Amino acid sequence: MTSLSSHSPGALAAICSNLAKACEKQYRTEEFQLFNTLEQYFSKHMEQSVGKHLDELTGLIQVDLNETFVTCEQLASEQGDRGTLRALTWGKKVTSIHKSLLTRYAKQGEKLLDNGDLYICEACGFIAISSETPAMCPICKAPASRFSKVQ
Amino acid sequence: MHAVRNLRLCTKDCLCLFVCPTGATDTETGQIDFAKCIDGCRLCVDACPSHAISLILETYPEPKVKESTIQKALNILLESKVSQEQLCSSVASNSEKATKALATALARSTRILAEDCARESAFMLPQSESVRQFLAELVDKPYGEDFPYDTVKRLLELL
């Protein structure tokens with residue numbers, strides 16, 4: 001078990017929102033709300049990065065694609081940990097989508113959404129620019145009902 | 001084990017009302033009355049023509065603890081995704097229109113990726129030893145006065 005001291009408030013927020021979702025799927029309403037309360041506390045205490053630009057994301061993404069995912073994948077393959085390999089396969093694909101969206105944004109700027117809206121797959125994080133809800137997620141194969149439109 | 005109804009899949013054919021021996025399936029909220037539901041009965045599960053009813057366990061098998069090297073590697077990825085989420089959230093709150101929408105979508109997407117890292121490293125099942133340990137550690141942490149200690153204690157009671 002990894003110790004909590006190594007987790008940032010942002011990571012603790014993600015741990016709690018993940019557990020809230022797991023409770024919601026089990027129809028455990030009270031536990032769902034309690035984990036959300038914790039998530040809100042940690043989100044509020046997340047470090048704020050002021051005055052940043054989306055350009056800066058590209059560099060961080062590249063480090064993930066070149067190093068972080070690769071290291072994780074090697075370890076998971078050695079251990080035969082297929083659950084982790086599944087998360088990494090989806091995560092890497094979604095991260096590549098982030099990269100291509102940023103490239104399009106760099107070229108088109110505010111015109112990026114002139115011909116469509118942003119839809120996000122709540123199961124894996126895939127983002128589409130589309131004029132209608134995608135029928136199925138190309139990464140995790142979740143159905144249209146798992147997509148949310150980003151306002 | 002009790003039955004739950006997925007309201008999005010339910011086609012209101014109401015065959016569950018015919019088979020339920022206790023009337024647990026007939027409620028004003030549309031959800032099954034868990035208190036009236038008979039443990040493991042599953043008559044409604046099998047009768048439902050739209051496969052909208054399933055059974056939920058009260059206790060789950062303890063998940064396999066992951067190798068510590070994998071947990072560490074997943075934590076590094078988790079922290080990386082969280083810092084990307086922070087960047088995107090801050091851009092979203094300081095911009096408008098397409099930039100705001102894209103930054104919002106990226107923040108939500110990176111959160112989902114971070115959650116998946118947390119899930120695979122040690123936090124898959126809320127009713128697991130690693131989550132109880134996590135909550136116990138939170139209770140002992142010297143957070144500020146605004147930290148919801150009661151929330152953590154209640155979770156430890158429930159899980």
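Sorted by mean Cβ packing within 10 Å, highest first, what order do the peptides B:33-41, A:64-72 take? Don't skip to the end; give the middle numbers.
Working: B:33-41: 13.9, A:64-72: 17.3.
So the order, starting with the most tightly packed, is A:64-72, B:33-41.
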(request) Would you mind computing, in nm to one decimal, how far apart the modelled labels at B:Ala136 and A:Thr37 are, each placed 7 Å from Cα along Cα→Cβ? (result) 2.2 nm
(message) Tell me the mean residue ellipticity at 222 nm calculated for chain A from its helices only (DSSP H runs of n ≥ 4, each -39500 (n - 2.57), averaged over every residue, nearest 500).
(response) -17500 deg cm²/dmol
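Quick check on the range B:1-58: take the gyration tensor over C-alpha atoms, sort the square-rooted eigenvalues as a ≥ b ≥ c, and tell me if it's rounded (a/c under 1.5), prolate or oblate. Mind showing how you got there, number by number?
On the way: a/c = 1.35, a/b = 1.28, b/c = 1.06.
Rounded shape, in that the Cα axes give a/c under 1.5.
How long is the gain from A:Lys25 to A:Ser145 if the chain were fully straight, where each residue apart is worth 0.36 nm and the alpha carbon distance is subtracted? Before the final figure, lay out each step's value.
Values: separation 120, 0.36 × 120 = 43.20 nm, distance 1.50 nm.
So the extension gain works out to 41.7 nm.
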(request) Can you pull the one-decimal nm distance between simple spin-label points at B:Glu96 and A:Glu110, each 7 Å off the Cα toward Cβ? (result) 0.7 nm
(request) Pop the C-beta distance of A:Ser130 and A:Gln48 into the FRET formula with R0 = 41 Å and round what comes out to the nearest 0.05. (result) 0.80
(request) Compute the acute angle (0 to 90°) between the alpha-carbon long axis of helix B:149-158 and the principal axis of greatest extent of the alpha-carbon atoms of chain B; round to the nearest 10°. (result) 40 degrees
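Between B:Lys72 and A:Leu65, what is the FRET efficiency for a Förster distance of 22 Å, r being their Cβ-Cβ separation, to the nearest 0.05?
Numbers: r = 20 Å, r/R0 = 0.89.
It comes out at approximately 0.65.
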(request) Go through chain A and flag any cysteine with no other cysteine's C-beta closer than 4.7 Å, please. (result) A:Cys16, A:Cys23, A:Cys72
(request) Indicate the gyration tensor shape class of the range A:1-140 (rounded, prolate or oblate), computed on the Cα atoms with a ≥ b ≥ c the square roots of the eigenvalues: a/c under 1.5 is rounded; otherwise a/b larger than b/c is prolate and the rest oblate. (result) rounded
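State whether chain B is rounded, prolate or oblate according to the following rule on the C-alpha gyration tensor (a ≥ b ≥ c being the square roots of its eigenvalues): a/c under 1.5 gives rounded; otherwise a/b larger than b/c gives prolate, and the remaining case gives oblate. Mind showing how you got there, number by number?
On the way: a/c = 2.26, a/b = 1.58, b/c = 1.43.
Judged from the Cα gyration tensor, chain B comes out prolate (a/c at least 1.5, a/b above b/c).
Which FRET efficiency value, to the nearest 0.05, is calculated for B:Glu145 and B:Phe18 with the Förster distance at 41 angstrom and r the Cβ-Cβ distance?
On the way: r = 55 Å, r/R0 = 1.34.
Taking R0 as 41 Å, the efficiency between B:Glu145 and B:Phe18 is 0.15.
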(message) Net charge within 15 Å of A:Gln62 by Cβ-Cβ distance, Lys/Arg positive one each and Asp/Glu negative one each, not counting A:Gln62 itself?
(response) -1
(message) Give the aspartates and glutamates whose C-alpha is closer than 13 Å to that of A:Lys99, dropping any in the same chain fewer than 8 places away, or say none.
(response) A:Asp55, A:Glu56, A:Asp64
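Only Lys, Arg, Asp and Glu count, each charged at its Cβ (+1, +1, -1, -1), so figure out the dipole size of the protein assembly as shown about its Cα centre, rounded to 20 debye. Write down the numbers at each step before the final one.
Values: 34 positive and 39 negative charges, 170 e Å.
I would put it at about 820 debye.
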(request) Within the range A:89-131, find all residues whose amide N lies under 13 Å from a label point positioned 7 Å from the Cα of A:Thr58 along Cα-to-beta-carbon. (result) A:99-109
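Just so you know, all these numbers are worked out from the coordinates, no wet-lab data involved. These numbers were taken from a predicted model, which means no experiment stands behind them. Please note: Cβ atoms are built from the backbone with ideal geometry, for glycine as well, and neighbour counts cover all protein chains shown.
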